[in-house]
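Visitor: Quick one: this structure, given as structure tokens, is what I'll be asking you about.
The values are calculated or read from the model by the stated rules, or taken from the named source; none is laboratory data. Note that the structure is predicted; figures quoted are calculated from it, not measured. Cβ: placed from backbone, ideal geometry, glycine included. Neighbour counts: every protein chain shown.
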Amino acid sequence: MPYDAIIIGGSYAGLSAAMQLARARRRILVIDEGQRRNRFAAASHGFLGQDGRAPDAIASDAKAELLRYPTVEWLEDRAQQAGGTEDDFTVTTAAHGELSARRLVLALGVTDDLPSIAGLTERWGRSIFHCPYCHGYELDQGDIAVIASSHHSMHQALMLPDWGKTTLMLNGCFTPDQEQLQQLQDRGVTIEPRQVQAITSHADITFADGRTLSFAGLFVLPQPSIATPLAEQLGCELEDDALYPCIKTGFTKETTVSGVFACGDAARPAGSVALAVGDGNVAGVAAHQSLVFRKAEA
């Protein structure tokens, strides 16, 4: 017997979507391989009622709450293939074979491709960040550096002076034009043209000439990509007009494929627990209502 819905991804968006379907007493399955995007961060910020808590603690508590509902099943596995049409979807996992469902919720998440700079990866989420709203306040208005990874780094550099004195490391990635130089000057941003060689200590930047600058924290924009190709396998359209390609959804978080819903970072170019939970709520409610009303109309 097919599940009413399979939710692929058990992080914040997937948990939130699953909760709405569980509370509607629908038989659902969550497939999760335990690779949350923010697993590198020591603390999560900006989510009401959870500010400053460890990300894994938030996710663990949410999972425990969800599994109290008797119609919920949880599978620790990787979804490798997905296909089918509304009311007849199939998902094939690495260890448990083929599963079927009437609806799918894609909470696939994204993976971050980080710049190749010595010392960056091991400090990611600890003293090197991508979101000032998530981590800027804790730097206590200390000196901040933005390491440019593309022209999009201008956006970070113009925002961050509200959290501390900011230096933009061009790092050979782009050259600001005259208008951008004026914008940076107006915001009090210092420009450093030298190439970053390595990151050491807490957040020290070493240049090729051997000189070092110390900062309270560093910011860099990674290159995200959707964690699995399942959306493309299903035929879901992607949007490529933001920082990275995302699954295209409408107001209800339904994709361009009827019966497939998407939420979280794979469906919105923003890394926020609060946004992921909100979008998951919408997707779960909409998936449930599609089960009710489309059946009635059939």
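Visitor: For the stretch 8-47, how many residues meet the condition of being more than 20 Å from residue 260 (Cβ to Cβ), in contact with a helix residue (DSSP H, G or I) (Cβ under 7 Å, 6 or more places away or on another chain) and part of a loop (DSSP other than H, G, I, E, B)? Quick ask: steps written out before the conclusion?
Guide: As a first pass, look at the stretch 8-47 and keep what is more than 20 Å from residue 260 (Cβ to Cβ): 23, 25, 34-47.
Subset that is in contact with a helix residue (DSSP H, G or I) (Cβ under 7 Å, 6 or more places away or on another chain): 36-39, 41, 44-47.
With the extra rule that they be part of a loop (DSSP other than H, G, I, E, B), the set shrinks to 36, 41, 44-47.
Qualifying residue count, the stretch 8-47: 6.
Visitor: Test each condition in (1) surrounded by fewer than 20 Cβ atoms within 10 Å (Cβ to Cβ); (2) within 12 Å of residue 107 (Cα to Cα); (3) hydroxyl-bearing (Ser, Thr, Tyr) for residue 228 and report the one that comes out false.
Guide: All conditions pass for residue 228, except number (1).
Visitor: Give just the number: which of (1) at pLDDT 95 or above; (2) in contact with a Ser or Thr (Cβ under 9 Å, 6 or more places away or on another chain); (3) outside the structural domain of residue 157 (by TED's automatic domain parsing) does residue 232 not satisfy?
Guide: The number of the failed condition is (2).
Visitor: A follow-up question, please. Considering only the stretch 106-148, state which residues are among the acidic types (Asp, Glu), surrounded by 15 or more Cβ atoms within 10 Å (Cβ to Cβ) and in a strand (DSSP E or B).
Guide: In the first step, residues of the stretch 106-148 are kept if they are among the acidic types (Asp, Glu); the result is 112-113, 122, 138, 140, 143.
From the residues that got through so far, the ones that are surrounded by 15 or more Cβ atoms within 10 Å (Cβ to Cβ) too are 112, 138, 143.
Hit for the stretch 106-148 is 112, nothing else.
Visitor: Can you name the number of the only condition in (1) among the charged types (D, E, K, R); (2) modelled with pLDDT of 95 or more; (3) assigned to a loop (DSSP other than H, G, I, E, B) that residue 65 fails?
Guide: Exception for residue 65: condition (3).
Visitor: Any chance you could count how many residues in the stretch 149-164 are within 20 Å of the chain's Cα centre (by Cα) and either part of a loop (DSSP other than H, G, I, E, B) or surrounded by fewer than 14 Cβ atoms within 10 Å (Cβ to Cβ) (or both)?
Guide: Summing the residues that are within 20 Å of the chain's Cα centre (by Cα) and either part of a loop (DSSP other than H, G, I, E, B) or surrounded by fewer than 14 Cβ atoms within 10 Å (Cβ to Cβ) (or both) in the stretch 149-164 gives 4.
Visitor: Restricting the search to the stretch 249-271, which residues are in contact with a Leu (Cβ under 8 Å, 6 or more places away or on another chain) and crowded, with 18+ Cβ neighbours inside 10 Å? Before the answer, list the steps.
Guide: So the first thing to find is which residues in the stretch 249-271 are in contact with a Leu (Cβ under 8 Å, 6 or more places away or on another chain), and the list is 255, 257, 259-264, 266-269.
Listed by number, the residues that qualify are 255, 257, 259, 260, 261, 262, 263, 264, 266, 267, 268.
Visitor: Please verify whether the stretch 89-99 includes one or more residues that are aromatic (Phe, Trp, Tyr), modelled with pLDDT of 95 or more and out of contact with any helix residue (DSSP H, G or I) (no Cβ under 7 Å at 6 or more places or on another chain). Spell out how you get there, then give the answer.
Guide: Our first condition is that a residue be aromatic (Phe, Trp, Tyr); within the stretch 89-99, this holds for 89.
Adding the requirement that they be modelled with pLDDT of 95 or more leaves 89.
Checking the rest, the ones that are also out of contact with any helix residue (DSSP H, G or I) (no Cβ under 7 Å at 6 or more places or on another chain) come to 89.
Yes, the stretch 89-99 has at least one match.
Visitor: Contact list please: Cβ distance under 6 Å, first residue in the stretch 174-191 and touching a residue at least 24 places away in the same chain (Cβ under 8 Å), second residue loosely packed, with under 11 Cβ neighbours inside 10 Å, pairs at least six apart or on different chains.
Guide: Note: no pairs meet the criteria.
Visitor: Follow-up question, since we're still on this one. Of everything in the stretch 53-70, what is surrounded by fewer than 16 Cβ atoms within 10 Å (Cβ to Cβ) and touching a strand residue (DSSP E or B) at 6+ places or on another chain (Cβ under 7 Å)? Give them in sequence order.
Guide: Selection gives 67 alone.
Visitor: On to the next question. Name the strands (runs of 3 or more DSSP E) wholly within the stretch 175-254 that hold at least 2 residues that are within 30 Å of residue 16 (Cβ to Cβ)?
Guide: Details: elements: 190-192, 196-200, 204-207, 212-214, 217-219, 223-226.
Of the strands (runs of 3 or more DSSP E) lying wholly inside the stretch 175-254, those with at least 2 residues that are within 30 Å of residue 16 (Cβ to Cβ) span 217-219, 223-226.
Visitor: If I filter the stretch 272-287 down to residues being touching a helix residue (DSSP H, G or I) at 6+ places or on another chain (Cβ under 7 Å) and either among the β-branched types (Val, Ile, Thr) or surrounded by fewer than 20 Cβ atoms within 10 Å (Cβ to Cβ) (or both), which single residue comes out as farthest from residue 103 (Cα to Cα)? Steps first, please.
Guide: Narrowing the stretch 272-287 to residues touching a helix residue (DSSP H, G or I) at 6+ places or on another chain (Cβ under 7 Å): 273, 276-277, 279-281, 283-285, 287.
Cutting the leftovers down to either among the β-branched types (Val, Ile, Thr) or surrounded by fewer than 20 Cβ atoms within 10 Å (Cβ to Cβ) (or both) gives us 273, 277, 281, 285.
Details: 273: 24, 277: 19, 281: 15, 285: 12 Å.
Across the stretch 272-287, the extreme among qualifying residues is 273.
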